1. Using the structure shown, decide if GLU71 is farther than 19 Å from VAL40 by Cα and without any contact (Cβ under 8 Å) to a residue 12 or more places away in the chain.
2. Quick one: SER89 ticks every box in (1) free of Cβ contacts under 8 Å to residues at least 60 places away in the same chain; (2) under 16 Å from LYS133 (Cα atoms) except a single one, so which number is it?
3. May I ask you to verify whether ASP43 is within 27 Å of GLY142 (Cα to Cα), out of contact with any Gly (no Cβ under 7 Å at 6 or more places or on another chain) and without any contact (Cβ under 8 Å) to a residue 24 or more places away in the chain?
4. Going by the structure shown, is LEU75 closer than 22 Å to GLY138 by Cα, touching an Asp or Glu at 6+ places or on another chain (Cβ under 8 Å), of a type in the set (A, V, I, L, M) and modelled with pLDDT of 95 or more?
5. Write out, first by first residue and then by second, each pair whose Cβ atoms fall under 6 Å of each other, whose residues are 6+ apart or on separate chains, and whose first residue, in the range 102-128, is within 20 Å of PHE23 (Cα to Cα) while the second is modelled with pLDDT under 95 and surrounded by fewer than 16 Cβ atoms within 10 Å (Cβ to Cβ).
6. In the range 46-72, which residue that is touching a helix residue (DSSP H, G or I) at 6+ places or on another chain (Cβ under 9 Å) and within 25 Å of ALA97 (Cβ to Cβ) is surrounded by the fewest Cβ atoms within 10 Å (Cβ to Cβ)?
7. Could you say which residue among ALA136, ALA97, ALA60 is over 15 Å from ARG38 (Cβ atoms) and within 14 Å of the chain's Cα centre (by Cα)?
8. Which condition number does ARG11 fail, the rest of (1) in a loop (DSSP other than H, G, I, E, B); (2) basic (Lys, Arg); (3) in contact (Cβ under 8 Å) with a residue 60 or more places away in the chain being met?
Amino acid sequence: MTSISSEVVRRELYIECRPEILFAFFTDSDKLVRWMGRQVLLDPSIGGKFRIDLNGSDVALGEYKELIPHEKVVLSWGWEKSKLVPPGSSTLEFLLAPKDGGTVLTLTHYDLPTAEEVASHNHGWTQYMDRLKLTAQGEDPGADVGACEIAAD
């Protein structure tokens, strides 16, 4: 399920993985880098910073705004070299809801400045949610070859 507006990207996905296992894929560098980017630095605490190097040139930066173990992760989000979506300028929320032995993961990305950025981020998050699903279910998503798709100019 996908909703696109001038301000919000929303993706919902069922993952065959319990919330307590899935949560670590947002807070553990070794697990996050398996589905997103090539180098990840995380300080998963309120106000803690993160840096995700997607491909050597596109770097996502922000900080953890809210952490509810096994239920919710909220981050500020932006791009190191972007004037449109600079670091911390948008908000990214992941909700984890248990269902049928797995998790319904809902991603919502707020505060994107233009319809083009919403479309670009929607495309990127579609790719990364699919990669996360494979990884969390114990499969290998392969190399992150499309990393630049989500990045803003």
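The values are calculated or read from the model by the stated rules, or taken from the named source; none is laboratory data. All of these numbers come straight from a predicted model, not from anything done at the bench. We place every Cβ from the backbone using ideal geometry, glycine too, and count neighbours over all the protein chains shown.
1. In short, no.
2. Checking SER89 against (1) free of Cβ contacts under 8 Å to residues at least 60 places away in the same chain; (2) under 16 Å from LYS133 (Cα atoms), the one that fails is (2).
3. Yes.
4. Taking the combined requirement at face value, the residue does not satisfy it.
5. GLN127/GLY146
6. PRO69
7. Going through ALA136, ALA97, ALA60 in turn, the sole match is ALA136.
8. For ARG11, the exception is condition (1).
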